[in-house]
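The structure appears below as structure tokens.
The values are calculated or read from the model by the stated rules, or taken from the named source; none is laboratory data. Since this is a predicted model, take the numbers as computed values, not measurements. Cβ: placed from backbone, ideal geometry, glycine included. Neighbour counts: every protein chain shown.
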Amino acid sequence: MKFTKMQGAGNDYVYVNCLEEKITDPAAVAIKVSNRNFGIGSDGLILILPSEVADVRMRMFNSDGSESEMCGNGIRCVAKYAYDHGIVAKREITAETGAGILTLRLFTNEGGKVEKVQVNMGAPRLNREEIPMIGNGGTKVINEPLNILHATFQITCASMGNPHCVIFVDDVENFQVEKYGPLIENHELFPRRTNVEFVQILSRTEVRQRTWERGAGETLACGTGASAVTAAAVLNGLTEKKIINHLSGGDLEMEWAEDGSIYMTGPAVEVFVGEIDL
């Protein structure tokens, strides 16, 4: 199988062009290639596929083989691959995902290669049943207490096509993400599990995020998570609608715009290409 390793703000995936390659069991392939000791090493597997309703289609599998609806950092790299490899020839394209069709603006360097992509992530979905969460339908979860072990966290939840639980903390660098992340991910409140963002407010225009990703553990970046954090910070009155989010793997420019959508702008980098015997 031919593949391309790519990363967006350190969120790295193995990308396969399924216009040329055929994968019959993507869950098993995701587990194999993601292993950092015995495989290629990645946060998961992303398939680039033809679409009947958009310029390209993306399917994303976590390192444990589970499929996710969307990946904000991953879709930027899909756009880069599609443009740099001649699948599309436009600077604004559409991509079909499990969370719907998204629009992407491509920014190229002097050599004509894509180096940055802006994604219209859509409007955050805030009602419990949209996330989804257990509880009364039609209600929102904003600064609501959640008891885990002997701690109580104030959570704000949203879906950006996939579920997110945002928690604001005083010192995110020293926070025990690996302890509390999996407990919240698998909490009974979340029937499809959830991604968890631990966030420190640096100023009205800057935040620092660490993410425990559903099915992958802590990752260096999460684009849908950064979008959920943008919404949560505004809903709690902590930041402006336009912020810089400092993730472990790099920075993302975020804006909750007047049209109701959240826009994310960040890097897309091709690391290397290769072949693997499955």
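Suppose we keep only residues that are outside any strand (DSSP E or B) and touching a residue at least 40 places away in the same chain (Cβ under 8 Å) within region 250-276. Which one would you say is nearest to residue 210 (Cα to Cα)? Across region 250-276, the extreme among qualifying residues is 268. Taking (1) closer than 26 Å to residue 261 by Cβ; (2) in contact with a helix residue (DSSP H, G or I) (Cβ under 6 Å, 6 or more places away or on another chain) in turn, residue 148 satisfies each apart from (1). Report, by residue number, each residue of region 40-68 that is within 14 Å of residue 216 (Cβ to Cβ) and surrounded by fewer than 23 Cβ atoms within 10 Å (Cβ to Cβ). Within region 40-68, 41, 64, 65, 66, 67 meet the criteria. The set of residues in region 69-98 being surrounded by 22 or more Cβ atoms within 10 Å (Cβ to Cβ) and small (Gly, Ala, Ser) consists of 72, 74, 79, 82, 95. Of the residues making up region 203-215, those that are out of contact with any Lys or Arg (no Cβ under 8 Å at 6 or more places or on another chain) and either surrounded by fewer than 18 Cβ atoms within 10 Å (Cβ to Cβ) or at pLDDT below 95 (or both) number 3.
The set of residues from region 141-176 being in contact (Cβ under 8 Å) with a residue 40 or more places away in the chain and either surrounded by fewer than 21 Cβ atoms within 10 Å (Cβ to Cβ) or in a loop (DSSP other than H, G, I, E, B) (or both) comprises 142, 143, 146, 160, 161, 162. In region 243-260, what residues are touching a Ser or Thr at 6+ places or on another chain (Cβ under 7 Å), surrounded by fewer than 18 Cβ atoms within 10 Å (Cβ to Cβ) and not β-branched (Val, Ile, Thr)? Listed by number, the list holds a single entry, 253.
For region 81-100, a tally of residues being free of Cβ contacts under 8 Å to residues at least 24 places away in the same chain and either at positive phi or not assigned by TED's automatic domain parsing to the domain that holds residue 60 (or both) returns 1.
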